[in-house]
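The block underneath contains the structure these notes are about, expressed in C-alpha cells.
The values are calculated or read from the model by the stated rules, or taken from the named source; none is laboratory data. Note that the coordinates shown come from a computational prediction; the quantities given were computed from them, not determined experimentally. Reconstructed Cβ throughout: ideal geometry from the backbone, glycine too, with neighbour counts over all protein chains shown.
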Amino acid sequence: MKVDETIALLKRAEDEYGPDLVFASSFGAEDVVLIDLISKHAPSIQIVTLDTGRLPQQTYDVMDACRDKYGIKIEVYFPDTAEVEAMVRESGLNLFYHSVENRKRCCEIRKIHPLMRALSGKKAWITGVRREQADSRQTMAAIEDDTHFRLKKFNPLIEWSEAEVWSYIRDNNVPYNALHDQHYPSIGCDCCTRAITVGEDPRSGRWWWEQEDGVAECGLHASPIKRK
Ligand code: SF4
C-alpha cells in the first residue's frame, strides 16, 4: 500500500510540475528506491545529484549502476571552482575538522550552492527523507512548502520505515551503495562519514567529531539533526 501511495504521489508531482520538478538524489538507500520508482512510473522527472568532490568511490559506483540499469539521465552538479580554491587556499583541504564554522562553510560551498543552482528556476523538488531518521523530521509532511528554497517539496518516503526501504531494494534488485553493507546507514562525503556500531544513532556516523550541543546541521533540508 505504501508503494502504491508513493507511486501516486510521484505521478501527481510529475503531472502538476512537469519540467519544473527535480528529484535531488544522494544515492542513499531511500534515494535508490525513488530512482527505481521514478524510472518505472514517472520517468519524465529529472534526476539531479551533487558531486562535492569528496564523495566515496562507492557512491560513484552506484550512480553508474543506476544509470546503466535504468537508462536514466543524471544531471551532476559540481561546486564552483573559484569558491573551492579560495576556501582551500585560506583554510586547507581538511578545514571541516577544525571548527563547526569551517564545516558549515565547506557544506555551503560544496553542497548548498550547487543545490541552489540545481533548483534554480524550478517550482518543486523531491527528496528521500523519512520521518524516523531524525527528531527534526517528526513534523515533516509528504507535501510541504519549503520556505528555505521557496519551492513545493515532496517527501514520498516520509512514512516508510528502514525495513520497508530495504525490503523494496531486495525485492526489486535495486542497485545500492556498497557502504551500506559495511555499517554505513547514512552516507555523505568520504571524509565526513564513518561506520557506526550496534545501538548507535543512524546519523551518528556523520560529522561525528562535532559535539556542539549534540546537534549537527544537515544543511540540504535546512533542519538541525538532534543526536540521541
Ligand atoms: S560533508 Fe564534509 S567534505 Fe562534504 S561538503 Fe560537508 S564539510 Fe565538506
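Computed quantities for the displayed model
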quantity	calculated
Glu164 being in a loop (DSSP other than H, G, I, E, B) and charged (D, E, K, R)	no
Hits in region 87-141 - residues which are touching a strand residue (DSSP E or B) at 6+ places or on another chain (Cβ under 7 Å) and part of a helix (DSSP H, G or I)	Lys104, Lys111, Pro114, Leu115, Arg117, Ala118, Leu119, Asp135, Ser136
Criterion violated by Tyr97 - all others in (1) surrounded by 13 or more Cβ atoms within 10 Å (Cβ to Cβ); (2) farther than 18 Å from Leu50 by Cβ; (3) more than 16 Å from the ligand (Cβ to nearest atom) satisfied	(3)
Criterion (of a type in the set (Lys, Arg) and within 29 Å of Val33 (Cβ to Cβ)) met by exactly one of Arg89, Arg131, Arg105	Arg131
Qualifying residue in region 120-132 (condition: out of contact with any Ser or Thr (no Cβ under 8 Å at 6 or more places or on another chain), surrounded by 14 or more Cβ atoms within 10 Å (Cβ to Cβ) and modelled with pLDDT under 95)	yes
Counted residues, region 143-178 - those being under 21 Å from Thr59 (Cα atoms), in contact (Cβ under 8 Å) with a residue 12 or more places away in the chain and either touching a strand residue (DSSP E or B) at 6+ places or on another chain (Cβ under 6 Å) or among the basic types (Lys, Arg) (or both)	0
Matching residues in region 100-144 - criterion: being of a type in the set (Val, Ile, Thr) and within 16 Å of the ligand (Cβ to nearest atom)	Val100, Ile109, Ile112
Condition met for Val165 (buried (at least 17 other Cβ atoms within 10 Å of the Cβ), under 17 Å from the mean Cα position of the chain (by Cα), modelled with pLDDT of 95 or more and of a type in the set (Val, Ile, Thr))	yes
Output for region 133-162, where each listed residue is of a type in the set (Val, Ile, Thr) and buried (at least 19 other Cβ atoms within 10 Å of the Cβ)	Ile158
Residue match in region 61-83 (condition: surrounded by 14 or more Cβ atoms within 10 Å (Cβ to Cβ), in contact (Cβ under 8 Å) with a residue 40 or more places away in the chain and within 9 Å of the ligand (Cβ to nearest atom))	no
Per-region count, region 6-36, residues over 12 Å from the mean Cα position of the chain (by Cα) and either without any contact (Cβ under 8 Å) to a residue 40 or more places away in the chain or not in a helix (DSSP H, G or I) (or both)	10
Region 186-211, residues that are in contact (Cβ under 8 Å) with a residue 24 or more places away in the chain and either more than 14 Å from the ligand (Cβ to nearest atom) or within 15 Å of the chain's Cα centre (by Cα) (or both)	Ser186, Ile187, Gly188, Cys189, Asp190, Cys192, Thr193, Asp201, Pro202, Arg203
